[in-house]
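Engineer: Dropping the structure in here first, questions after.
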């Protein structure tokens, strides 16, 4: 709780550490799923046979392969960002725990 304000209202900060950790775990799973999707897009793009569809089909398949490769890179980038968010959630939960413990130790040291 922060010091009292002029209007007498206190600001209370509450953090549900278990929920923050669960969010980090869910984001970690999502990042792994995105990595798998990116890998599937990359491998699927290499299975296209441009010779089977003739010259028009070859141009279409080349454009499709480029689009799939671009989207695979975007999905991989999204996966990296979600993984970073997961690490941030874990670090935030850990920081809350350390702060809570430090505050408790400080108050105990003061005899409170």
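Engineer: Touching a helix residue (DSSP H, G or I) at 6+ places or on another chain (Cβ under 6 Å) and over 30 Å from residue 12 (Cβ atoms): does that describe residue 67?
Structural biologist: Numbers: touching a helix residue (DSSP H, G or I) at 6+ places or on another chain (Cβ under 6 Å): no; over 30 Å from residue 12 (Cβ atoms): yes.
When the stated conditions are applied, residue 67 does not pass them.
Engineer: Which residues, taken from segment 92-106, are surrounded by 11 or more Cβ atoms within 10 Å (Cβ to Cβ) and either more than 23 Å from residue 22 (Cα to Cα) or in contact with a helix residue (DSSP H, G or I) (Cβ under 7 Å, 6 or more places away or on another chain) (or both)? Break it down into steps so the answer makes sense when it comes.
Structural biologist: Step one: filter segment 92-106 for residues surrounded by 11 or more Cβ atoms within 10 Å (Cβ to Cβ), giving 92-97, 99-100, 104.
92, 93, 96, 97, 104 - these are the residues of segment 92-106 that are surrounded by 11 or more Cβ atoms within 10 Å (Cβ to Cβ) and either more than 23 Å from residue 22 (Cα to Cα) or in contact with a helix residue (DSSP H, G or I) (Cβ under 7 Å, 6 or more places away or on another chain) (or both).
Engineer: Here are 35, 51: which of them is surrounded by 16 or more Cβ atoms within 10 Å (Cβ to Cβ) and in a helix (DSSP H, G or I)?
Structural biologist: Numbers: 51 fails: surrounded by 16 or more Cβ atoms within 10 Å (Cβ to Cβ).
Just one listed residue meets the conditions, 35.
Engineer: While we're looking at this one, here's another question. Go through the residues of segment 64-76 one by one and say whether even a single one is more than 21 Å from the chain's Cα centre (by Cα), farther than 30 Å from residue 25 by Cα and part of a loop (DSSP other than H, G, I, E, B).
Structural biologist: Step one: list which residues in segment 64-76 are more than 21 Å from the chain's Cα centre (by Cα), which gives 64-69.
With farther than 30 Å from residue 25 by Cα added as a condition, the list becomes 64-67.
From what is left, the residues that are part of a loop (DSSP other than H, G, I, E, B) are none.
Taking every residue of segment 64-76 in turn, none turns out to be more than 21 Å from the chain's Cα centre (by Cα), farther than 30 Å from residue 25 by Cα and part of a loop (DSSP other than H, G, I, E, B).
Engineer: How about segment 70-79: which of its residues are surrounded by 14 or more Cβ atoms within 10 Å (Cβ to Cβ) and either more than 30 Å from residue 16 (Cβ to Cβ) or out of contact with any helix residue (DSSP H, G or I) (no Cβ under 6 Å at 6 or more places or on another chain) (or both)? Walk me through it before giving the result.
Structural biologist: We begin by selecting, within segment 70-79, every residue surrounded by 14 or more Cβ atoms within 10 Å (Cβ to Cβ); these are 71-72, 75-76, 78-79.
71, 72, 75, 76 - these are the residues of segment 70-79 that are surrounded by 14 or more Cβ atoms within 10 Å (Cβ to Cβ) and either more than 30 Å from residue 16 (Cβ to Cβ) or out of contact with any helix residue (DSSP H, G or I) (no Cβ under 6 Å at 6 or more places or on another chain) (or both).
Engineer: Is there any pair with a first residue in segment 81-96 that is in contact (Cβ under 8 Å) with a residue 24 or more places away in the chain and a second that is outside any helix (DSSP H, G or I) whose Cβ atoms are under 9 Å apart and which are 6 or more apart or on different chains, and what are they?
Structural biologist: From segment 81-96, the pairs are 92/15; 93/15; 96/15.
Read the figures in this text as sums done on the coordinates, not as results from a lab. All figures in this text were calculated on a predicted structure; none of them were measured in a lab. Quick reminder, even Gly has a Cβ in these numbers, built from the backbone with ideal geometry, and neighbours come from all protein chains shown.
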